[in-house]
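Written out below as structure tokens is the structure these notes cover.
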Amino acid sequence: MSENGTGNGAGIKGIDDFLKPMHLISDETKMFMKSLRKFVDKEILPHEQEIDDYWDWPERKERTFVHDLWKKLLIDLGLQKFFLPPELGGSGGASTVEMLTLVEELSRGDYGAATTAFITPWSIAALALPKPNEVLLKKFAPFLLGDEEYVICSAITEPHAGGSVEDVNLKGSQIRTRARLEGDEWVINGHKLWPSAFREAKLFRVLCAVEGQEFPNLAQIFVPLGTPGLATGKPYRKMGTSIDTNGDIWFDNVRVPKENRAHDDPQEELLSVIANVTIGRLTSAAFPMGIMKRAYEILRDYVNSREIAGKPMKDHGAIVHELGQIARDIMAAEAYLYYVADRMDRPEIYGFPWEQRNVAAASAVQNTVGDLGWSVVSRAVELMGSYGYSREGRMEKLLRDLKITQIVVGGPILRLVELSRYYFGTEMV
């Protein structure tokens, strides 16, 4: 593949030849996209077949390529600074469309790497909406602008409730991690699990229920690594997304300053939580988009190098039918993803991310793009035969990763419930 994403032969297209809205992307972001693509080709894809073996990389005594990956990506390439707008000293300020293009670029290399790399702006968004928390943004900005990796982890899910913790209609009833205010400090007790980058994180955004308050009693409280009472377990071994660490976090009378809450006003905090759900689901749809692009590259090269009965594989009728459906599904996914992202960039017309119609829209996008991605990659596995399900073929890993993208951030069933609530007035849980 050439730098502009076109194919490597006559009549062969590349990953930029689908429906990405280049007219909505600034020249600066296009340059950064190009840098990310080069990074993926040089630093990630050479490890494509071995990356599953490094699920426990934080536990290893020896230094691995994963240890070096984060510094090269976040600091040397400058992705970490891209999470902050210029007024805070960063190089970002990207639109929703532009941010999703970057997520897609990195996901093409590895979904796990992309999840860790883009988990921090999810917490930054919690501080920026519905209005900026200038105190905390200025407090944390120097760490993101520094010369060391600084990842902010979002600790939301709990052992007993799974995705229902983020169902705002349950009014915080499923949140057992509690925070109580003692003087000028929050005291937190509870157990979270599954958050991305939990072992790399230097700061934890913890979704709590405030003791002694009625709904809206939700609080997003930021806890620095090393705070007494904060403990983490070992990474889970998963079917995919190996280098993005997930595991348990415990809070035992953890104390942090009162100012470490995202928003003091309970109603503003509620809107922030809802907006964060919307942003999380929309962003999560960009992960399968990147996986689809990598699957396309692998399959394109495969069908162009194989023969069936003395004819190129891609010229057989049954194969043509399958390839056409794969191209169609990639186009449909990309068009849908960026159409809704563009709407999110126009709140004056389509509303803010905490409005129910936008929660529903983001939920629909994640489900739909994930389903289309599953169709694309599973068809590719079948077309490649034994190479499809072998590690050497490089496709089966994409299928495992793709399935995880369909589950994260609430799960597909909760997202369908959100659609039913908005369009049919459903009141059921």
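The values are calculated or read from the model by the stated rules, or taken from the named source; none is laboratory data. Because the structure is predicted, anything quoted here is derived from the model rather than measured. Every residue, glycine as well, gets a Cβ built from its backbone with ideal geometry; the counts of neighbours run over all protein chains shown.
Here are the numbers for this structure:
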quantity: Condition met for residue 348 (modelled with pLDDT of 95 or more, part of a helix (DSSP H, G or I), in contact with a helix residue (DSSP H, G or I) (Cβ under 8 Å, 6 or more places away or on another chain) and surrounded by fewer than 16 Cβ atoms within 10 Å (Cβ to Cβ)); calculated: no
quantity: Entirely in segment 124-195, the strands (runs of 3 or more DSSP E) that have 1 or more residues that are more than 21 Å from the chain's Cα centre (by Cα), in contact (Cβ under 8 Å) with a residue 60 or more places away in the chain and outside the structural domain of residue 79 (by TED's automatic domain parsing); calculated: 178-182, 185-193
quantity: Test: residue in segment 265-285 that is free of Cβ contacts under 8 Å to residues at least 40 places away in the same chain and either surrounded by fewer than 18 Cβ atoms within 10 Å (Cβ to Cβ) or over 30 Å from residue 219 (Cβ atoms) (or both); calculated: yes
quantity: Segment 1-18 - residue that is touching a helix residue (DSSP H, G or I) at 6+ places or on another chain (Cβ under 9 Å) and loosely packed, with under 15 Cβ neighbours inside 10 Å and, of those, modelled with the highest pLDDT; calculated: 13
quantity: Segment 388-429 - residue that is more than 18 Å from residue 165 (Cα to Cα) and in contact with an Asp or Glu (Cβ under 9 Å, 6 or more places away or on another chain) and, of those, surrounded by the most Cβ atoms within 10 Å (Cβ to Cβ); calculated: 401
quantity: Close pairs from segment 78-104: first in contact (Cβ under 8 Å) with a residue 24 or more places away in the chain and within 23 Å of residue 339 (Cβ to Cβ), partner acidic (Asp, Glu) and assigned to a helix (DSSP H, G or I), Cβ under 8 Å, at least 6 apart; calculated: 96/342; 97/342
quantity: Residue in segment 372-382 that is assigned to a loop (DSSP other than H, G, I, E, B) and surrounded by fewer than 13 Cβ atoms within 10 Å (Cβ to Cβ) present; calculated: no
quantity: Odd one out for residue 93 among (1) part of a loop (DSSP other than H, G, I, E, B); (2) out of contact with any helix residue (DSSP H, G or I) (no Cβ under 8 Å at 6 or more places or on another chain); (3) at pLDDT below 95; calculated: (2)
